[in-house]
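Visitor: Structure in structure tokens, see below.
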Amino acid sequence: MLDFTDSIAAIATPPGRGGIAIVRISGTDALKIATLMMRAHPLMAPENPSTEEQDAVNSQAQALLDAAPALKPRYAHYTPFYHGATVVDEGVMLYFKGPHSYTGEDVIELQGHGGNVAPQQVLSAVLALNKIAGIRVRMAEPGEFTRRAFLNGKMDLTAAEAVEDLISAGSDSAAKAALASLNGAFAQRVRELNEELTQFRVRLEACLDFPEEHEDFFDSGSARQVLAHLQELTAKAQSIAQHGVKLNEGARIVLAGQPNAGKSSLLNALAGSERAIVTNIPGTTRDVLTVNIEIGGIPVTITDTAGLRDQPSDEIEAIGIKRALAELKQADLILLMIDSSKPSLDALEALGHIKKIFDNPQNLLVIKSKVDLPADAETAKLLQSEPLNQYPQIDSSTKSEHGLDELRRKLHELLGVMPTEGVFSARRRHLQELTACAAALARAVDMLDLGDLVLAAREITVAQEHLGTITGKVTSDDILGIIFSTFCIGK
């Protein structure tokens, strides 16, 4: 368990060469730490000190703290940074007095020189002050600064998660959606839905407590109409959240097909670089190869896989096929590559492997590759007959670039995400809670139809509990631990 009464410190900027590096400190002792960092101070020797020695150091440090002038909040103080009596760097110190700070606590930022060494020396100097003059400071856990901001009421859980989503955004659209959540768009929609649920529950319970005054709300069918409206609002929130998840996580496209069908060439063409080895030898790709690109503002992960066939040439290719099938299970869209220039009867083998995963694959697009070469009559007939003719088909040639623009447009259409105003970033846990909320509302409809207002009101309460889990009004330490563990250390 984390102790949130400790002060915490971490480097808040990426490692490596750079003009500036920031060491961030938050907590009740942040101001004491900053005061001692700005002047030479007594530092305990590495060996275990005696009680008298420790008291002497604490006394000297406390005297420095008592004599130091008050630091002005939100003012840039140029200063050396001390580790004991030694200057380890110099730069700007900023003080944000709580609760008017990111975490809601006193926050200090030590802005010094970038690089691999200087920031670590400054951080070490901060942590070396632990137990001096009553100071308690430790290294921050991943996401602990943002977690404290959430716990101190500076932001709700959707905004806290949006911080990480904004940092890791893979496209302009994803960054825009994350910023919308950070500014409260997601929380506002959840709050409005929750308020309407509360009003509905109040009226429903009034029918139970004062039937002679409120029975018309139930008897007239108004309650059923209001509940249907609430279901519509929930469905709309689900739809937007689904878009947000796609923008946040990115869509997964998997290239599949028989060996030497042109999968690696298409991957290179879409990526705009030579990422995959391309030869005329079937079975060249033995393992999955993944690249990240952007299609119409949507971050997309495209995975090239080993060719699918029933009889692999060796054990290594067999392992590659097994991994390819594992990737197919997670695909939002499958591109089945078929070489149009030669007999491709084994394309049905590849489709058979896909159908073992999806009984009736709807997320499949057939890519007729190598159309710059003379078409094979048997393959042309195969493509026009069942089962291949039931899937959309695109002609392509990576050599002549024929069909690549049409393919990109089709990919954007099939992914089903159109970044528009009003989209906010979301995570799969949000979708799960919205789905559970919708299920509770459906049960409330059933109870209302049966005339059981008590159970209907209970299901509305359940729906609200799921909404509360999204914003963090209803949560647990385990959930928070999982969420903030994905953050970087200094955030």
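Visitor: With a 1.4 Å probe and all protein chains kept in place, how much accessible area does LEU193 have, in Å² rounded to the nearest 10?
Guide: 10 Å²
Visitor: Can you run phi through the Karplus equation (6.51, -1.76, 1.60; θ = phi - 60°) for region 89-95 and list ³J(HN,Hα) in whole Hz, with x for Gly and Pro?
Guide: 5, 8, x, 10, 10, 10, 10
Visitor: Another question, then. Run the 1.4 Å probe and let me know the accessible area of VAL117, rounded to the nearest 10 Å².
Guide: Surface accessible to solvent at VAL117 totals approximately 90 Å².
Visitor: How would ILE167, ILE354 line up by accessible area, probe 1.4 Å, largest first?
Guide: Most to least solvent-accessible, the answer reads ILE167, ILE354.
Visitor: With only Lys, Arg, Asp and Glu charged, each at its Cβ (+1 for the first two, -1 for the last two), find how big the charge dipole of region 323-423 is about the Cα centre; round to the nearest 20 debye.
Guide: 200 debye
Visitor: Average the reciprocal distances over every distinct pair of alpha-carbons in region 1-157, invert the result, and give the Kirkwood radius in Å.
Guide: Taking every pair of different Cα atoms in region 1-157, averaging 1/r and inverting gives 15.9 Å.
Visitor: In debye to the nearest 20, how big a dipole does region 37-196 give about its Cα centre with +1 on each Lys and Arg Cβ and -1 on each Asp and Glu Cβ?
Guide: The dipole magnitude comes to about 320 debye.
Visitor: A follow-up question, please. Nearest 20 debye, what's the magnitude of the dipole of region 106-237 about its Cα centre given +1 on Lys and Arg Cβ and -1 on Asp and Glu Cβ?
Guide: With only Lys, Arg, Asp and Glu charged at Cβ, the dipole is about 1020 debye.
Visitor: Along the Cα→Cβ direction, 7 angstrom out, place labels at GLU192 and LYS381. What is the inter-label distance in nm?
Guide: Each label point is offset 7 Å from its Cα along the Cβ direction, giving 5.9 nm.
Visitor: Which pairs break 24 Å Cα to Cα here: LYS263/LYS342; LYS176/LYS236; LYS342/LYS399; LYS263/LYS381; LYS329/LYS370; LYS97/LYS473?
Guide: Among LYS263/LYS342; LYS176/LYS236; LYS342/LYS399; LYS263/LYS381; LYS329/LYS370; LYS97/LYS473, the Cα-Cα distance tops 24 Å for LYS329/LYS370; LYS97/LYS473.
Visitor: Hey, another quick one. Need the full-extension length gain, HIS100 to ASP172, defined as separation in residues times 0.36 nm minus the C-alpha distance. One decimal, nm.
Guide: Extra length from HIS100 to ASP172 when fully extended: 22.9 nm.
Visitor: Hey, another quick one. Could you work out the local net charge near VAL107, counting Lys and Arg as +1, Asp and Glu as -1, over the other residues with Cβ closer than 9 Å to its Cβ?
Guide: Around VAL107, the surrounding residues sum to -1.
Visitor: Efficiency by 1/(1 + (r/R0)^6): what FRET value for ARG458 and ARG39, r their Cβ-Cβ distance, R0 = 60 Å, to the nearest 0.05?
Guide: After rounding, the FRET efficiency stands at 0.45.
Visitor: For region 358-405, what class follows from the C-alpha gyration tensor (a ≥ b ≥ c being the square roots of its eigenvalues): rounded when a/c is under 1.5, otherwise prolate if a/b is larger than b/c, else oblate?
Guide: oblate
Visitor: Quote the accessible area belonging to ASP172 in square angstrom, nearest 10, computed with a 1.4 Å probe and with ligands, DNA and RNA left uncounted.
Guide: 130 Å²
Visitor: From largest accessible area down, sort ARG24, ARG17; use a 1.4 Å probe on the protein chains.
Guide: ARG17, ARG24
Visitor: Need one word for region 348-441: rounded, prolate or oblate. Basis is the Cα gyration tensor (sqrt eigenvalues a ≥ b ≥ c); a/c below 1.5 gives rounded, then a/b vs b/c decides.
Guide: In terms of gyration-tensor shape, oblate.
The values are calculated or read from the model by the stated rules, or taken from the named source; none is laboratory data. Computed from a predicted model, the values in this text were never measured in an experiment. Cβ: placed from backbone, ideal geometry, glycine included. Neighbour counts: every protein chain shown. These accessible areas exclude ligands, DNA and RNA; they are computed on the full protein's heavy atoms, side chains included. Shrake-Rupley method; radii C 1.70, N 1.55, O 1.52, S 1.80 Å.
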